[in-house]
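Participant: Mind looking over this structure? Questions follow.
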Amino acid sequence: MIKSMTGYGSAKGAVEGLQITVELKSVNNRYLDVSVRLPRSFLFAEDAIKSAVQKHISRGKVDVFISVDSTDGGEMNVKVNEALLRGYLEALQHIAEEYKLPNDATALAVSRFPDVLTVEKKDLDADAISSGILEIAEHALEDFDAMRTREGAKLRDDVLARLETIDALVSTVERESPKTAAEYRARLEARMAEVLGSAGIDENRILAEAAIFADHIAVDEETVRLRSHMSQLKTMIDGSSPTGRKIDFLIQEFNREANTIGSKCQSSDIAHTVVDLKSEIEKIREQIQNIE
């Protein structure tokens with residue numbers, strides 16, 4: 001099943017006391033271009049995230065946004081400077097004994113002395129955090145793929161509907177093309193009759209001229225190739241692997257056959273049909289720009 005290149009996905013989770021949010025969005029691009037944006041202190045996870053994205057996506061400009069919320073204090077450690085605290089307590093005891101004062105020191109009071117308590121960032125376990133972020137990213141990618149698959153189904157339905165229209169237009173060309181040769185022969189006979197009069201008409205000459213004209217305007221080869229391209233396109237859009245670029249090349253062949261038919265046609269009716277044919281091919285070309 002084809003997938004759209006445009007999509008959005010997100011997931012949240014907790015890793016090592018941190019709240020992680022992963023969001024992905026993508027737009028059309030000829031090649032795969034992955035950009036990962038995350039806090040500077042977590043840049044160690046960037047390459048692993050890119051690798052995970054590349055396993056899911058083959059084409060498109062993908063932006064990955066990773067936010068880290070540490071407001072719960074989970075990444076901070078409060079430490080007691082034991083040596084300094086003992087020095088304060090010994091000094092207080094000395095003051096109490098030396099000057100006959102009550103030693104009324106409390107935990108709250110001494111914790112307010114300079115540098116008794118210090119707040120330090122907890123050392124980050126890079127491997128654990130990378131692993132956790134990747135797990136959340138996989139959930140975001142699943143959500144992302146689900147949206148792209150839904151969009152891809154809509155693209156597939158639209159392309160198939162236009163292929164049906166193209167098939168009908170090709171049938172019209174196949175049906176009208178022989179009439180053009182017959183009309184040419186009738187005009188040729190009328191013209192020769194007008195010019196030669198009673199001198200008589202060389203039937204063999206008329207047959208030869210009509211045959212040359214019919215061969216010149218014959219579009220059988222082009223319509224057969226067009227139908228072959230249509231069959232190939234249907235197979236591609238029902239395949240499991242990314243085919244956007246291959247379909248792009250195939251549509252160029254569609255256009256080539258349509259242009260050849262247009263250059264050969266000698267009928268205004270067929271010319272109008274070819275215009276409609278090229279219009280439908282162009283609409284498919286626009287749609288497949290969104291296919292991965």
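Taken together, the values in this text are just the output of simple stated rules run on the coordinates, not laboratory data. All of these numbers come straight from a predicted model, not from anything done at the bench. Every residue, glycine among them, receives a Cβ derived from its backbone with ideal geometry; neighbour counts consider all protein chains shown.
Participant: May I ask which of 12/55; 50/246; 61/283; 12/79; 12/283 have a Cα-Cα span longer than 27 Å here?
Facilitator: Correct reply: 12/79; 12/283.
Participant: Same structure again: When only alpha-carbon atoms are used, what values of Rg and Dmax, in angstrom, describe the stretch 54-166?
Facilitator: 30.7, 106
Participant: What order, most packed first, do the peptides 50-61, 1-12, 105-116 have when packing is the mean number of other Cβ atoms within 10 Å of each residue?
Facilitator: Packing order, densest peptide first, comes out as 1-12, 50-61, 105-116.
Participant: How large is ³J(HN,Hα) for each residue in the stretch 127-143, as worked out from phi by the Karplus curve 6.51 cos²θ - 1.76 cosθ + 1.60 (θ = phi - 60°), to whole Hz, x for Gly and Pro?
Facilitator: Couplings: 5, 5, 5, 4, 4, x, 5, 4, 5, 5, 4, 4, 5, 5, 5, 5, 5 Hz.
Participant: Now, a different point. Local charge sum around residue 236 (other residues, Cβ-Cβ under 11 Å, Lys/Arg +1, Asp/Glu -1)?
Facilitator: Its environment carries a net charge of +2.
Participant: What number, in percent, do you get for the relative contact order of the stretch 1-51 if the mean sequence gap of Cα pairs under 8 Å and at least 6 apart is divided by its residue count?
Facilitator: Value for the stretch 1-51: 28 percent.
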